[in-house]
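Q: Let me begin by handing over the structure; questions about it come next.
The values are calculated or read from the model by the stated rules, or taken from the named source; none is laboratory data. Since the structure is predicted, the reported quantities are computational estimates derived from the model, not experimental observations. Counting neighbours? That spans all protein chains shown, and the Cβs are built from the backbone with ideal geometry, glycine included.
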Amino acid sequence: MNADGPADGDPTQWFDDEAGPVVRPYAMTRGRTAAAACERLPLTAMVTTQPVNDADADPEVLAALVPEHLTVLGLCRDAACSVVDLASDLDLPVGVLRVLLSDLLDHGLIRVQPPVRLVEAVDETVLRDVIAGLRAL
């Protein structure tokens, strides 16, 4: 295969016998490059699935999901995954994954827990106790 297309000269066959058909990232996002979510999802945000009853699931929503949406739901079902880990596991650019996650957020199928800031995670009294303990040594 060369830069202009397959080596045999047929430009309609964009696939590799070993890899299978090639799906361009913009095809997964239907040409969208920006997530519909209000803000960008941080790389360290944790994603989990929302519990949804089969009776509550909208068939139109489920029919509109691409296989990558379903893979994200499967990966996040048992344990929370970070945005960057999902991108790595799916072998997708982070921008594409953010669009896919935004779709799932819009349909209420996932929850995103923003990363905890270190300032919020550590109580000042704990730090003071640690310093006092170190000084006592």
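Q: Quickly run through segment 59-80 and pick out the residues that are in contact with a strand residue (DSSP E or B) (Cβ under 8 Å, 6 or more places away or on another chain), surrounded by 17 or more Cβ atoms within 10 Å (Cβ to Cβ) and not aliphatic (A, V, I, L, M).
A: Cys76
Q: When you scan segment 95-106, do you find a residue that is in contact with a Cys (Cβ under 7 Å, 6 or more places away or on another chain), modelled with pLDDT of 85 or more and of a type outside the set (Phe, Trp, Tyr), even just one?
A: No.
Q: Is one or more of the residues making up segment 127-134 without any contact (Cβ under 8 Å) to a residue 60 or more places away in the chain and either assigned to a strand (DSSP E or B) or within 13 Å of Leu43 (Cβ to Cβ) (or both)?
A: Checked against the condition, which is being without any contact (Cβ under 8 Å) to a residue 60 or more places away in the chain and either assigned to a strand (DSSP E or B) or within 13 Å of Leu43 (Cβ to Cβ) (or both), segment 127-134 yields no hits at all.
Q: Moving on. Just to be sure, is Val84 in contact with a Ser or Thr (Cβ under 8 Å, 6 or more places away or on another chain) and surrounded by fewer than 17 Cβ atoms within 10 Å (Cβ to Cβ)?
A: Taking the combined requirement at face value, the residue satisfies it.
Q: When you scan segment 45-112 for helices (runs of 4 or more DSSP H) that lie fully inside it, which ones turn up with 2 or more residues that are small (Gly, Ala, Ser)?
A: By residue number, 59-64, 83-90, 94-106.
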